[in-house]
1. For the range B:71-111, give the magnitude of the charge dipole about the Cα centre (Cβ charges: +1 Lys/Arg, -1 Asp/Glu; no others), in debye to the nearest 20.
2. Show A:Met50, B:Met147, B:Met128 ordered by accessible area, largest first, where the area counts protein heavy atoms only and the probe is 1.4 Å.
3. Taking 10 Å² as the minimum loss, tell me which residues in the range B:140-155 lose that much accessible area going from the chain by itself to the full protein complex (1.4 Å probe).
4. So what's the gap between the Cα centers of the range A:1-80 and the range B:60-139, to the nearest angstrom?
5. Want the number for B:Asn42 to B:Arg237: 0.36 nm per residue separation, take away the alpha-carbon distance, what's left?
6. Take A:Arg51 and B:Lys68, extend 7 Å from each Cα along the Cα→Cβ direction, and tell me the distance between the two endpoints in nm.
7. Could you tell me the relative contact order of chain B? Use alpha-carbon pairs under 8 Å, at least six residues apart, and round to a whole percent.
8. Among B:Gln116, B:Thr102, B:Gly155, flag the residue with its Cα farthest along the positive direction of the charge dipole of the range B:81-209, charges on Cβ as +1 for Lys/Arg and -1 for Asp/Glu.
Amino acid sequence: MYNAKYIIPGIIFFLALIFVPVAYNMGKNFEVKPELPKDQKDCIEDAQTMRDKHMQILNEWRNEAVRDGNRIYVNAKGQKYVKSLTNTCMSCHADKAKFCDRCHETVGVAPYCWDCHNLTPNQKTPIPLAAMSEAGGH
Amino acid sequence: MKNTRREFLKLAAVSALGVGAGRLGFLGDAPAHAGALPTVANFEEGLKAKHWGMAIFSAKMTPELIEKCRTACHSEHNVPDIPGNKNIKWFWGASYEESFPTEHGHYLSEDVEHRQFPLLCNQCETPMCVKVCPTQATFQRPDGIVMMDFHRCIGCRYCMAGCPFGARSFNFQDPRPFIKHFNPQFPTRMRGVVEKCNFCAERLAVGKLPSCVEAAGGAIAFGDLADENSDVRKALREHFAIRRKPDAGTSPSVYYIL
Ligand code: SF4
Ligand code: SF4
């Protein structure tokens, strides 16, 4: 190989560089503590399902509600809920900053749901995007 | 003594700030507009039809009534009030010439010539906007409603070019600062998507008639075009009605009784 004495150390250096963050975080457990609603015990599904799948559930909700006009969700226990981000999710989780944002900011995702969906069904005025675009936008 | 006064003032200032922030905050304050949240039971009572349609008694439609319907629709759906040519409209009024340009109505009766006609998306049976939409963001439901899935809209505006009725509006900017009557239960839109009347699909789903129909107080008949006993078919059976631009071939579901 031409220039092996440059290329091989180069590759090793490159690999070392990209694995620095992996090594740095290895074994570390990052803990996120979103604030749970005080007046409610149960979410629509159990906490683990919500943690793992809330994005899939929301994606299914929007397709089923908007495209199929099917707006009632039946959970694993047979309980019924209205498929609505603002009117169902956000009416319990009334403080986005203390619930949604804590995780989203830690893992570095900036979902753009709130560009259109309101933060709570009790909101008085629409909240312009400017305040939120700093959070990362999309 | 001096010290305690300082402390007191500081404390007072901090608590005043706290109270102020509490009052300013939108959280916890009940909005002026919204009613109770729709429940699962409401959604179970949703209205169903084979093909939704509308018949407008145009002679009853004064400019004031059109304005009332427009306000009802626009407040319900968070339609922004943007002045100038970037405006967004779901429901609006126009002259006979603008509404029915293919009717060539020369020598019209004074009454019809000066009448304002309420216009909205015609919820066409063969909608051009659906045909040209590359992402299927605009689609037709089995009950005839031509809906928009704002999540999928990429803002290409083919539908605006395709619609022969100018029934669609494009959001050139963030609409939120221009929303005057805010309904927190209905989403707003973002910059770069197209919007239009959705025949109040979200109200039909909880068993209510569309906002404009309710506001019109009998001047708009609404119902299932496939059901001959429905209000809309009754109105069409008893009165002469025309549709807008029939030669565009889209077959509107909105009829105008002259
Ligand atoms: S009026 Fe225009 S936007 Fe409405 S369904 Fe017909 S073609 Fe589509
Ligand atoms: S049917 Fe609903 S969305 Fe359409 S114009 Fe009337 S109030 Fe507005």
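1. Rounded to the nearest 20 debye, it is 300 debye.
2. Per-residue accessible area, sorted high to low, gives B:Met128, A:Met50, B:Met147.
3. Buried-area filter returns B:Arg141, B:Met147, B:Asp149, B:His151, B:Arg152.
4. That distance is 45 Å.
5. 67.0 nm
6. Calculated label separation equals 5.6 nm.
7. Across chain B, relative contact order equals 30 percent.
8. Of the options given, the answer is B:Gly155.
The values are calculated or read from the model by the stated rules, or taken from the named source; none is laboratory data. Owing to the predicted nature of the structure, the values given are computational and were not obtained by experimental measurement. Heads up, the Cβs are rebuilt from the backbone with ideal geometry, glycines too, and the neighbour counts pull from every protein chain shown. Side chains included, ligands, DNA and RNA excluded: accessible areas come from the protein's heavy atoms. Shrake-Rupley method; radii C 1.70, N 1.55, O 1.52, S 1.80 Å.
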